[in-house]
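Written below as C-alpha cells is the structure these notes are about.
The values are calculated or read from the model by the stated rules, or taken from the named source; none is laboratory data. Keep in mind that this is a model prediction, so the values were computed, not measured. Glycine also receives a Cβ, built like all others from the backbone with ideal geometry; neighbour counts cover every protein chain displayed.
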Amino acid sequence: MLDIETVPDPRWHRPEVPLGTEPPFPPTWAHRIIVVGCLWLGPDYRLRRMGVIGESGGPPGVPATDVDERHILIELSRFVGRAKPVLVTFNGRSFDLPVIALRSLSHGVPLSWYYQERGVRYRYSEEGHMDLCDWLADHGATRMGSLDALARLVGLPGKVGVDGSQVEGLFNAGQLARIQSYCLADVVQTAFMLLRFRLLQGVLAPAAYRAAAEALYEQVAAHPRVAEMARGIDRAQLLVEPSDAQPRSS
C-alpha cells in the first residue's frame, strides 16, 4: 500500500479568492511531498512491514518544515525498483503516482520502474499498480467514492482526528509526526479495503478473508502510530462475522 501527504510548493502562488470561498487545489506539479506511507503485505496477505519512507526526512537534526523531498523520492524509487511490489493505492493513478513522477522530474530522480514497467501505468491490469478507487468505480463507469466514505461502509473509521485539509497547517506548526501517523492510518485502511475487495472479487473465500483481516487487525491494534484509528474499527462489521441467528427454512 502506498499513500502520500503533500503541502503546496513555495513556487506556486495561491490565487486570492473571496472570503469564505474554498481555496483552489494546487496543480499536480505544485504538491511538495512531505510523507510517503507504506504497508507491505505478503502473498498470503499477512503484514510484513509498515512505516514511512525516509523516516527522518533527511539528515539528523533537520527541522520538520525542512523535509528533504529529494531524499524521500530517492528512497522510494530505490525500494520499488529493487523489490518490484504491486503498488496498491486509493486514487493513486490520478494523484499519488503523477505527483511522485512530477516531483521526481523536479529533483532529477530516475523513475525507471514507473516508465519502463507498463503495468504500473496501465489502469486495467493488477500488474505493477492497483488503484482501488479506480477499480471500485469500474474504471470511470460510475462516480468515485472517497476512501473516508468507503472505509466507513465496511466498518473502518475513515478519517480520525485529522483530514487532508489540515495537513498544511500541521506541517507549518512542525507536527510532522502527526501527519505521518495520519498517513499510516490511511495506508492501513487501504490495506483492509484491498482484503475486502479480494473478498468481493471472489479471490478470497469468506473464511480466508476473515483470517487475513483479523490477523491484520491484531497487528495494527498493537501499533502505537495507528492505535487511535484501530480503536475506531467496528470489528464485527469489518470481519463480516456470521450472525448467530440463521434464517429458518420454510
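Couple of notes before you dig in:
- Flag set for Arg225, criterion: at pLDDT below 95 and surrounded by 17 or more Cβ atoms within 10 Å (Cβ to Cβ).
- Pair list, Cβ < 7 Å and 6+ apart or interchain, from the range 185-206 residues that are exposed (fewer than 14 other Cβ atoms within 10 Å of the Cβ) to residues that are modelled with pLDDT of 95 or more: Pro206/Leu199
- Of the numbered criteria (1) among the aliphatic types (A, V, I, L, M); (2) within 20 Å of Asp131 (Cα to Cα); (3) in contact with a Pro (Cβ under 8 Å, 6 or more places away or on another chain), the one Ala213 fails is (3).
- Yes/no for Leu216 being of a type in the set (A, V, I, L, M), closer than 23 Å to Trp40 by Cβ and crowded, with 20+ Cβ neighbours inside 10 Å: yes
- All positions within the range 143-173 that are small (Gly, Ala, Ser), within 30 Å of Val67 (Cα to Cα) and over 14 Å from the mean Cα position of the chain (by Cα): Gly161, Ser165, Gly169, Ala173
- Residue within the range 168-177 that is closer than 24 Å to Pro98 by Cα, in contact with a Pro (Cβ under 8 Å, 6 or more places away or on another chain) and in contact (Cβ under 8 Å) with a residue 24 or more places away in the chain present: yes
- When each of Asp44, Asp138, Asp96 is tested for being charged (D, E, K, R) and in a helix (DSSP H, G or I), the lone residue that passes is Asp96.
- Arg121 vs. criteria free of Cβ contacts under 8 Å to residues at least 60 places away in the same chain and basic (Lys, Arg): yes
- Against the numbered list (1) more than 20 Å from the chain's Cα centre (by Cα); (2) buried (at least 19 other Cβ atoms within 10 Å of the Cβ); (3) of a type in the set (A, V, I, L, M), Ala236 comes up short only at (2).
- In the range 1-53, the residues that are surrounded by 21 or more Cβ atoms within 10 Å (Cβ to Cβ) and either of a type in the set (S, T, N, Q) or touching a His at 6+ places or on another chain (Cβ under 6 Å) (or both): Thr6
- Of the criteria (1) closer than 21 Å to His129 by Cβ; (2) at pLDDT below 95, which one Val35 fails: (2)
- First in the range 129-146 and without any contact (Cβ under 8 Å) to a residue 40 or more places away in the chain, second anywhere and in a helix (DSSP H, G or I), Cβ under 9 Å, 6 or more apart: Gly140/Asp134; Thr142/Leu136; Gly145/Cys133; Gly145/Leu136; Gly145/Leu153; Ser146/Cys133
- The residue of the range 160-176 that is surrounded by the fewest Cβ atoms within 10 Å (Cβ to Cβ), among those that are at pLDDT 90 or above, of a type outside the set (A, V, I, L, M) and in a loop (DSSP other than H, G, I, E, B), is Gly174.
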